[in-house]
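What follows is a set of notes on a single structure, which appears directly below.
The values are calculated or read from the model by the stated rules, or taken from the named source; none is laboratory data. Values in this document were obtained by computation on a predicted structure and should not be read as measured data. Cβ atoms come from the backbone with ideal geometry, glycine included; neighbour counts cover every protein chain shown. Quick note on the areas: whole protein, heavy atoms, side chains included, nothing else; ligands and nucleic acids left out. Shrake-Rupley method; radii C 1.70, N 1.55, O 1.52, S 1.80 Å.
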Amino acid sequence: LLPFVSSVDDLDEAREIIVEVRAELDLRRLAYDPGIPIGVMIETPAAAQTCDLMASRVDFFCLGTNDLIQYYLVVDRSDQSVVHLYDPFHPAILRCLHQVYTLLQPTGKPVTVCGEMAGDPPSAAVLLGLGFTSLSVSLAAYSRIKRMISSVSFEQLRELGGQILKMQKPKEVEEKVRATVYRS
């Protein structure tokens, strides 16, 4: 899994290094698995905008929500004076996620979403509603995500995904998502 790839050029350079390393291993007669899949971590705005251009060169994608949100919103998560601006429900983030799904879905390449969004039930509901079906979560978050998934239908999540893409304010999105996920 190649991190912080922001262009096809970056990806091609990384693949060249992989070819060189494989040649060196062959020369030394060291065993390795030549079939190891190569993937790209989508965690920069540039990667989000061009992921479809990379699809023919990789086997899979991971969508890293933590860094993607930080870089997309230009918010340093470690700076307490601006951390409140880090918001996974921001319309720009929702549109970015939707665009990544829309660009990658026709390629047939697997996409796994990781990061805090995948492990938070309301945020995971957003991801599922936008079409993503593979979430990487910690063991601690697994039961919460499983409970959320079993409490709402995929049809409801898809409907939610369509509704939140039209919303203008993160607070409205969060309220709608929570009402769907935690309805009584």
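Quick notes on this one:
- Residue match in the stretch 79-92 (condition: open to solvent by 80 Å² or more (accessible area, probe 1.4 Å), within 24 Å of residue 124 (Cβ to Cβ) and hydrophobic (A, V, I, L, M, F, W, C)): yes
- Filtering 118, 92, 125 for residues that are within 21 Å of residue 162 (Cα to Cα), of a type outside the set (Ser, Thr, Tyr) and in contact with a Phe, Trp or Tyr (Cβ under 7 Å, 6 or more places away or on another chain) leaves a single hit, 92.
- Any hit, the stretch 169-179, residues being open to solvent by 70 Å² or more (accessible area, probe 1.4 Å) and among the acidic types (Asp, Glu): yes
- Failed item, numbered, when residue 95 is tested on (1) out of contact with any helix residue (DSSP H, G or I) (no Cβ under 9 Å at 6 or more places or on another chain); (2) at pLDDT below 95; (3) under 19 Å from residue 170 (Cβ atoms): (2)
- Test: residue in the stretch 75-98 that is farther than 30 Å from residue 176 by Cβ and either touching a residue at least 12 places away in the same chain (Cβ under 8 Å) or not in a strand (DSSP E or B) (or both): no
- Selection from the stretch 1-27 of residues that are open to solvent by 70 Å² or more (accessible area, probe 1.4 Å), within 21 Å of the chain's Cα centre (by Cα) and among the hydrophobic types (A, V, I, L, M, F, W, C): 1, 4
- Tally, over the stretch 115-161, of residues that are open to solvent by less than 70 Å² (accessible area, probe 1.4 Å), among the hydrophobic types (A, V, I, L, M, F, W, C) and part of a helix (DSSP H, G or I): 13
- Residue in the stretch 28-50 that is more than 25 Å from residue 118 (Cα to Cα), touching a Lys or Arg at 6+ places or on another chain (Cβ under 8 Å), open to solvent by 80 Å² or more (accessible area, probe 1.4 Å) and in a loop (DSSP other than H, G, I, E, B) present: yes
- Residue match in the stretch 20-42 (condition: touching a residue at least 40 places away in the same chain (Cβ under 8 Å), out of contact with any Pro (no Cβ under 7 Å at 6 or more places or on another chain) and not hydroxyl-bearing (Ser, Thr, Tyr)): yes
- Test: residue in the stretch 107-114 that is open to solvent by 50 Å² or more (accessible area, probe 1.4 Å) and more than 23 Å from residue 42 (Cβ to Cβ): no
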